[in-house]
1. Go through the range 178-191 and give me each residue that's of a type in the set (Lys, Arg) and crowded, with 18+ Cβ neighbours inside 10 Å.
2. Just give me the residues in the range 12-52 being modelled with pLDDT of 95 or more, among the hydrophobic types (A, V, I, L, M, F, W, C) and assigned to a helix (DSSP H, G or I), in sequence order.
3. Kindly list the number of the only condition in (1) open to solvent by less than 70 Å² (accessible area, probe 1.4 Å); (2) modelled with pLDDT under 95 that fails for Leu175.
4. Could you run through the range 80-136 and say how many residues are open to solvent by 60 Å² or more (accessible area, probe 1.4 Å), among the aliphatic types (A, V, I, L, M), under 19 Å from Leu62 (Cβ atoms) and outside any helix (DSSP H, G or I)?
5. Out of everything in the range 63-79 that is touching a Gly at 6+ places or on another chain (Cβ under 9 Å) and either assigned to a strand (DSSP E or B) or touching a residue at least 60 places away in the same chain (Cβ under 8 Å) (or both), what residue ends up being most open to solvent (accessible area, probe 1.4 Å)?
6. Restricting to the range 155-172, and then to whatever is open to solvent by less than 50 Å² (accessible area, probe 1.4 Å) and part of a helix (DSSP H, G or I), can you tell me which residue is farthest from Glu59 (Cα to Cα)?
Amino acid sequence: MLSVVRPMQFSITTKDITESTNDDAWELARQGAPTGTVVTARRQRAGRGQWGRVWMSPEGGLYFSLIMRPNTPERQWPAYSRLFAEAVASVLREECSVSDKEIRVKAPNDVICDQGKLCGISLESRSGVIVVGVGVNVFHSDRPILTDGRNEPAYVCDVAEDYIAPSYRAIDDLLQRILNAFAVVVEAPLR
């Protein structure tokens, strides 16, 4: 008898404003939420990146956190960081119709272009659970993103030659494409 592998399913909760999608995801994980649970927000007031750095999250970006309960040994989990960054970079290259020279991964998990940082990814793990936090600068907001000078923000809409007008639908479609790419990462064996 053949066993059928079911594709990863996502359960998505969308918020207009939250403190942090990572904090929301951790609360859901504590309640037993399974792999594939996603929290996304139009804005975050206290978003954070790798090593707890501030991630400015004004309206116009894609901000989400994914819960994973991997079956792989914890010593292999750091590999997810690069794999998720490569998945986001691949989707953004396709979205913008550019090569891997224009959108690339800066180790361990930033997605950049010549103009600056397009996306940051953070992995937090506790007690057999990983929360993957993702922030993508898609459209310009009405407020500039302030940084500590390490990474200047870049925007997907500026990299693509002909990008669509700012809309929630465009951001939601991008979320779906990135989640589909993440499903491939989660379902493939780590090397």
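The values are calculated or read from the model by the stated rules, or taken from the named source; none is laboratory data. Keep in mind the model is a prediction, meaning the values are calculated, not measured. Cβ sites come from the backbone with ideal geometry, for glycine too, and all protein chains shown count toward neighbours. With ligands, DNA and RNA removed, areas are computed over all heavy atoms of the protein, side chains included. Shrake-Rupley method; radii C 1.70, N 1.55, O 1.52, S 1.80 Å.
1. none
2. Ala25, Trp26, Leu28, Ala29
3. (2) is the only condition that Leu175 fails.
4. 0
5. Taking the candidates together, the pick is Arg69.
6. Looking at the filtered set, the residue picked out is Val159.
Residue-by-condition table, conditions (1) under 30 Å from Ser127 (Cα atoms); (2) modelled with pLDDT under 90; (3) hydroxyl-bearing (Ser, Thr, Tyr):
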{"site": "Gly60", "(1), (2), (3)": "no, yes, no"}
{"site": "Tyr63", "(1), (2), (3)": "yes, no, yes"}
{"site": "Leu66", "(1), (2), (3)": "yes, no, no"}
{"site": "Thr72", "(1), (2), (3)": "yes, yes, yes"}
{"site": "Arg82", "(1), (2), (3)": "yes, no, no"}
{"site": "Glu94", "(1), (2), (3)": "no, no, no"}
{"site": "Val98", "(1), (2), (3)": "no, no, no"}
